Amino acid sequence: MKYEKEKIKEIIKAGYDLELISFELDIPIEELNVLARELKENKKVKTYSAQEIIDRKNKECHAKMEKMREKYNQLYSKRKVANQKAIGRVATKEQLASIQSAITTIQWIMSKIDNQDRKEKMKSAQWIIRELDKIKDYPLTIEQAEQIYYLIHTKESKRLGTAPGDRIDEVFYRGEKLLVKRLAQAIDMAQSQTEDIEELRNLEKKLKAEMLQKNQVYVGAVQTRIRNKIYTIQQKAAIDRIRNGVPETVEGIVKKLASGKLEIQEAEKMVEQEVQKRIKDAPQNNFALTPEEQKRQVFMQIKKILIENAQQYPIQDEKVVIQQIQALCGDTTEQATNTVIRSFIVRKNFKRAKEMYQSLYHTESSPNAIALKNEIRNAEISNMVLKGLKTDVTMEEERRCVELIQKMEEKKIKLSTISLGKSQDGQKNITLGDIWGEERERKR
C-alpha cells in the first residue's frame with residue numbers, strides 16, 4: 001500500500017499509538033516502527049555555536065565581576081557615591097557596538113557639516129543629539145567620552161550659526177554640556193580606583209577650564225575630590241617618612257644605588273655618619289644597639305626603601321645594583337638579587353622578576369625560593385584582578401579574570417593570600433578572598 005511517509009511521520013510525532021495507526025490506515029506495524037526509529041534518530045537537538053557559548057560565558061563572568069566591583073568599592077571606601085553604580089558598570093558587547101556606531105556616525109556628520117546650509121546644519125546638530133541620547137545610559141570610558149567631546153567641541157568653538165537667531169550653536173552646546181558630565185563621570189570613576197599621584201594628576205589635567213564653565217558643580221566636585229586625594233596621599237607619605245625616620249643620607253644612598261651610580265667608599269662614609277648620629281641620639285641604657293647593629297639597621301632600611309619605593313627609585317641596571325648591594329651591605333648574591341626582584345614586583349614588571357628568579361633558582365629546593373615564587377605569582381594575580389575591577393575593560397578581559405580566579409581555586413591557592421591593597425583610610429587590607437567570598441559560599 002502506498003502512503004505519504006512525511007504525513008505518517010507527522011501523525012506519529014503527534015503522539016498517536018502505532019498499533020492504532022496501523023489498524024486505521026492499514027499500514028504494516030513493521031513499517032511504522034521503521035518510521036518511528038527514523039524520527040527518533042533525526043530528532044534535532046538544540047546546539048549552540050562557538051560564539052553563542054562564548055557570549056553566554058562572557059555575560060556570566062560580567063555578572064560575577066559586577067558583584068566583585070560592588071564588594072571591593074564597599075570595602076575600599078566608606079564614602080557613598082550616589083552615581084557609583086551607574087558609572088561603575090562595564091559596557092556589554094551590544095552597548096560597545098552602539099557606542100562605536102554613535103562615534104562613527106558623529107564623525108561622519110561632523111566631516112560634512114562645514115559645507116551644509118543653515119537647514120542642513122540644524123538637522124545635523126539634532127541628529128548628533130539623537131545619537132547621544134541613544135547611549136546616554138551606557139557606561140563610557142574616558143577615551144570614548146573624550147573622543148566624542150572633542151569632535152563636538154572643536155566645531156562648536158568655531159560657532160556654526162550662520163544667521164541671527166540660529167539655534168545651531170545652542171543645540172551643540174547642549175550636546176557638549178551633556179558630554180562634559182559623562183567625561184567627568186569617567187574621570188571620577190578612574191580616580192576612585194587609583195592611589196598613584198602621577199595618574200591622579202594626569203586625570204585632573206583632563207578636566208579643562210572650558211569644561212568647568214559648562215558644568216561647574218559636577219566638574220568642580222570631581223576636581224576637588226582628586227586634589228583632596230592627592231593631598232591626603234602626600235600627607236600620609238610625609239607622616240610615614242617621619243614615622244619611619246628616613247634621613248636624607250639614607251634617601252641619598254637609595255637614589256644613587258637605584259641609578260647604578262653609587263660610589264661605595266662615599267656611601268660607606270655616609271653610613272658611618274648615620275650610625276654615629278643614631279648612637280648619639282639613642283638613649284644610653286642596657287638596650288642600646290651596638291654600632292654593628294645600628295649599621296645593619298641602616299642597611300635594612302636602604303633595601304626596604306629600594307623595594308617599597310620602587311616607583312620613585314626605579315632600578316636602572318639590575319646587575320650593577322646587585323653588585324653594589326653586595327659591596328655595601330655585605331649581602332650574598334641570593335640576598336641582593338631577592339631585593340632587586342622585589343623591587344621589580346612593586347613596579348609590576350613581573351616578566352623581569354620571573355626571569356631573574358629563574359636564573360637565580362634552578363630548582364625550588366629552598367623555602368626562600370618557594371616563598372619568592374609565590375610572592376611574584378600573588379602580586380601578578382593581584383595586578384590582573386585590580387585591572388579587571390576597573391571599568392574600562394572588555395567582557396572578554398572580565399572572563400579571563402574570572403577564569404583565572406577559578407583556576408586558582410582548583411589549585412587550592414588561598415585567595416586570602418592575594419592582597420588587593422588597603423582601604424582608603426588605610427585601616428583594612430583587602431584580599432581577593434574578601435570580594436570572591438559570596439561565590440565561594442555558593443559553591444559549598
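Note on LYS177: aspartates and glutamates with a C-alpha under 20 Å away, same-chain residues under 8 apart excluded, are GLU131, ASP133, ASP137, GLU143, GLU146, GLU156, ASP166, ASP169, ASP188, GLU204, GLU210.
The spread of Cα positions in the chain, taken along each principal axis and listed from longest to shortest, comes to 116, 79, 37 Å. Computed over the range 246-360, the P(r) curve from all C-alpha pair distances, binned at 5 Å from the origin, holds 2, 12, 23, 23, 17, 11, 7, 4, 2, 0 percent per bin. Charging the Cβ of each Asp and Glu at -1 and of each Lys and Arg at +1, and nothing else, the dipole of the chain about its Cα centre rounds to 1200 debye.
Give me the base-10 log of I(q)/I(0) for the range 332-404 at each q in 0.13, 0.15, 0.16, 0.19 Å⁻¹, Debye formula, one uniform scatterer per Cα, rounded to two decimals. After summing over all Cα pairs, the log10 values are -0.45, -0.56, -0.62, -0.77. Legend: distances between Cα atoms for LYS71/LYS351; LYS354/LYS412; LYS269/LYS373; LYS261/LYS303; LYS93/LYS428; LYS373/LYS411; pairs beyond 25 Å are LYS71/LYS351; LYS269/LYS373; LYS93/LYS428. To the nearest 0.05, what FRET efficiency results for GLU263 and ARG400 with a Förster distance of 45 Å applied to their C-beta separation? Taking R0 as 45 Å, the efficiency between GLU263 and ARG400 is 0.45. If R0 is 30 Å, the Cβ-Cβ spacing of GLN311 and SER366 corresponds to a FRET efficiency of close to 0.55. Structural descriptor for the chain: relative contact order 16 percent, calculated from alpha carbon pairs under 8 angstrom and at least 6 residues apart. Taking the three principal axes of the alpha carbon atoms in the range 310-350, the coordinate ranges are 27, 15, 13 Å, sorted in descending order. The residue list GLN335, ILE307, GLY252 was ranked by how far each Cα lies along the charge dipole of the range 246-360 toward its positive end, using unit charges on Cβ atoms, and ILE307 comes out on top. When the range 91-240 is described by a simple charge dipole with +1 on each Lys and Arg Cβ and -1 on each Asp and Glu Cβ, the residue from GLN185, ALA238, TRP108 located farthest towards its positive end is TRP108.
Can you check how the C-alpha radius of gyration of the range 91-240 compares to 2.2 N^0.38 Å, as a plain ratio? Before the final figure, lay out each step's value.
Numbers: Rg = 17.7 Å, N = 150, 2.2 N^0.38 = 14.8 Å.
Working it through for the range 91-240, the quotient is 1.20.
FYI, it's all coordinate maths here, none of it is from the lab. What you see is a predicted model; the values in this text were computed from it and never measured. All Cβ positions, even for glycine, are placed from backbone atoms using ideal geometry, and neighbour counts span all protein chains on display.
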